[in-house]
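Worksheet: the structure to be examined is printed underneath.
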Amino acid sequence: MNSTMKIRYIGDPILRKKAEPITEFDQKLKHTVEQMVTTMHLEDGIGLAAPQVGLSKRLLVVDISPIVKNEKPQACINPEILDSEGECVEEEGCLSIPDVMEMVVRPESVTVAYQNVEGEKKVEKLSGWKARVVQHEIDHLNGILFIDRISPLKRQMHINKGRIPATY
Ligand SMILES: [Zn+2]
């Protein structure tokens, strides 16, 4: 029933496509969200974007409970960053790019507009880890990968070591 989804890896063209908005807030969407949360947990991820499981749709799930207390899984549909503040550096990884971990600079806090699984519009100001994960996942919806945000020198090192394909 709650089957898991197959992760798409770097080199798969779907990771470079701009994902399409979601317009139907139906039972099928709820099922997709449940499957994505299950897949994220099984893969030990703290965030997962729909293109990473082969769906070019503007949907992401996040669950930072492994690193922050009192958090639970959340789905953001058609998310948009309205405002951002500050700057911070943290080490990131990605389920679609195994074996690569690098420091990435991002805004420290972001105000995000999104819809929940019922289609209700929400605006939330995020900071800390949740802000970071949501920004990483929104990048996925726009065909951007975190390795695009690291230094070319470091990226080349990972290409040389075969962790990133030469045409990434
Ligand atoms: Zn990722």
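Laboratory data are not the source of any read-out in this text; all were calculated from the coordinates shown. Computed from a predicted structure; not experimentally measured. Note that each Cβ is placed from the backbone with ideal geometry, even for glycine, and that neighbours are counted across all protein chains shown.
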Report task. Would you grab the residues whose amide H sits under 5 Å from the one on Ile164? Only those 5+ places off in sequence or on another chain, please, with H modelled 1.01 Å from N. Result -> Ile159
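222 nm [θ] for the chain, helices only, -39500 (n - 2.57) per DSSP H run of 4+, per residue, to 500?
Calculated from helices alone, the mean residue ellipticity at 222 nm is -7500 deg cm²/dmol.
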Report task. Pick out which of Ser127, Ser151, Ser96 has the largest mean-square fluctuation in a Gaussian network model of the chain, springs linking Cα atoms closer than 10 Å. Result -> Ser151
Report task. Highest first, please rank the peptides 7-15, 75-83 by the mean number of other Cβ atoms sitting within 10 Å of their residues. Result -> 75-83, 7-15
**Report entry** Virtual spin-label span in nm between Ile67 and Thr38, 7 Å along Cα→Cβ
**Finding:** 2.7
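Which trypsin sites (Lys or Arg not before Pro) does the stretch 63-168 hold that lie in a coil by DSSP with at most 10 other beta carbons within 10 Å?
Lys69, Lys161
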Report summary line: Rg/Rh over Cα atoms for the chain, Kirkwood Rh, comes to 0.95
Query - Ranked list, fewest to most other Cβ atoms within 10 Å of each Cβ, for Thr111, Thr167 - result: Thr167, Thr111
